[in-house]
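A.B. asks: Just passing along the structure, written as structure tokens.
The values are calculated or read from the model by the stated rules, or taken from the named source; none is laboratory data. Note that the structure is predicted; figures quoted are calculated from it, not measured. Backbone-built Cβ (ideal geometry, glycine too); neighbour counts: all protein chains shown.
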Amino acid sequence: MSANPSVSTSKSAQSSAKQQYQFDRLSFSWVIGGIAIFSLLLLTIPTLIVLIVSFSSAQTMRFPPPGLSLQWYTALFSYPELWSAAVTSLQVATWATLLCVVLGVCASLAMAGSRARWVAAMDALVMSPLALPGIAVGLGMLTYFSLIGWRLSLFTLVISHAVICIPYVVRTTLASLTQLGSSMREASTVLGASQTYTFFKVTLPLIKQGVITGAFMAFLSSFDNITVSLFLSDARTEVLPIRMWSMIENDLDVRAAAVSGLLIVATALLMLVLERISGLSKFLVKG
């Protein structure tokens with residue numbers, strides 16, 4: 001007996017549809033994979049170029065370097081102005097990060113525990129430094145300090161860096177509070193614990209990973225900031241990015257590449273440590 005033509009046609013159609021689905025899925029994977037690889041190369045190649053240039057034997061920045069040498073890393077030890085700027089950047093970033101943590105955690109608790117209409121407006125206001133151009137923020141802060149009669153100092157620089165870095169702490173802390181919910185805090189309150197005890201013994205230990213991640217991102221953003229620092233720094237508060245900018249602008253000093261190499265390695269190591277401690281990538285994806 002001959003096979004049923006309708007059954008054969010149905011099986012052929014199913015096989016064709018299955019092949020088409022597999023082809024579409026494979027094509028999608030290739031396209032997404034190609035875009036991911038291109039983006040990865042676009043982000044990593046400049047960093048690799050800086051690292052290679054930092055080992056150059058030439059007297060100025062050039063790529064490819066004519067030879068390899070450690071002379072520019074050794075030369076950093078005889079550059080006191082550079083170390084002074086690095087210490088200033090470290091001080092500003094540390095104090096700004098502490099201020100961001102205190103204010104950011106308080107703001108996150110207020111926004112997470114309220115359903116009022118002002119929460120959306122407050123969230124947009126806190127995140128606005130990330131949306132506005134850095135030059136506009138720096139000029140606005142400089143104008144504000146001039147209007148109230150404050151002279152530029154380390155204090156004004158710390159405040160300015162805190163303004164532009166606090167969104168990182170707020171975003172990661174809000175993500176932790178959203179995961180936590182309110183049941184644990186409500187249970188602590190029902191059992192008679194005060195709000196202070198609940199915060200330090202219940203809430204803070206459970207959201208500490210988000211706070212640490214936000215503090216790390218705020219620290220890096222402050223330490224590496226140049227746009228706001230250009231407006232708010234003076235001769236007594238020169239930070240490392242501005243010193244490096246002047247080194248490159250004046251004579252393409254290879255020591256700037258050596259400093260960048262040290263910063264790249266230090267940042268990579270800190271990110272690996274933080275990933276093991278608090279799961280940095282989880283908060284970066286959610287942010």
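A.B. asks: Quick one: which residue in Leu177, Leu191, Leu142, Leu157 is modelled with pLDDT under 85 and surrounded by 14 or more Cβ atoms within 10 Å (Cβ to Cβ)?
C.D. replies: Step by step, each of Leu177, Leu191, Leu142, Leu157 is checked, and only Leu177 is modelled with pLDDT under 85 and surrounded by 14 or more Cβ atoms within 10 Å (Cβ to Cβ).
A.B. asks: Look through Ile35, Ile45 and report the one residue that is under 27 Å from Val239 (Cα atoms) and outside any loop (DSSP other than H, G, I, E, B). Give the steps one after another, and end with the answer.
C.D. replies: Working: Ile35 fails: under 27 Å from Val239 (Cα atoms).
Residue meeting the stated conditions: Ile45.
A.B. asks: Here's a follow-up. Out of the residues in the range 86-132 meeting the condition of being touching a Leu at 6+ places or on another chain (Cβ under 6 Å) and among the hydroxyl-bearing types (Ser, Thr, Tyr), tell me which one is modelled with the highest pLDDT.
C.D. replies: That would be Ser89.
A.B. asks: Taking the stated definitions as given, is Leu152 part of a loop (DSSP other than H, G, I, E, B), in contact (Cβ under 8 Å) with a residue 40 or more places away in the chain and assigned by TED's automatic domain parsing to the domain that holds Gly210?
C.D. replies: So Leu152 passes the test.
A.B. asks: Mind listing whichever residues of the range 263-277 are surrounded by 13 or more Cβ atoms within 10 Å (Cβ to Cβ) and more than 22 Å from Val211 (Cβ to Cβ)?
C.D. replies: Result: Leu263, Ile264.
A.B. asks: Hey, another quick one. Which one is nearest to Arg243 (Cα to Cα) among residues in the range 63-90 that are in a loop (DSSP other than H, G, I, E, B) and touching a residue at least 12 places away in the same chain (Cβ under 8 Å)?
C.D. replies: The qualifying residue nearest to Arg243 (Cα to Cα) is Tyr79.
A.B. asks: Among the numbered criteria (1) over 20 Å from Ser233 (Cα atoms); (2) among the hydrophobic types (A, V, I, L, M, F, W, C); (3) in the same structural domain as Leu220 (by TED's automatic domain parsing), which one does Val50 miss?
C.D. replies: (3)
A.B. asks: While we're looking at this one, here's another question. Looking at the range 253-273 only, could you name the residues that are hydrophobic (A, V, I, L, M, F, W, C) and under 15 Å from Val53 (Cβ atoms)?
C.D. replies: Once the filter is applied, which keeps residues that are hydrophobic (A, V, I, L, M, F, W, C) and under 15 Å from Val53 (Cβ atoms), the range 253-273 yields Val254, Ala256, Ala257, Ala258, Val259, Leu262, Leu263, Ile264, Val265.
A.B. asks: Name every residue in the range 48-62 that is in a loop (DSSP other than H, G, I, E, B), of a type outside the set (A, V, I, L, M, F, W, C) and in contact with a Pro (Cβ under 9 Å, 6 or more places away or on another chain), in order of residue number. Spell out the reasoning first.
C.D. replies: From the range 48-62, those in a loop (DSSP other than H, G, I, E, B) are 55, 57-62; that's our starting set.
Next cut, of a type outside the set (A, V, I, L, M, F, W, C) only: 57, 59-60, 62.
Within the range 48-62, Ser57 is the sole residue that qualifies.
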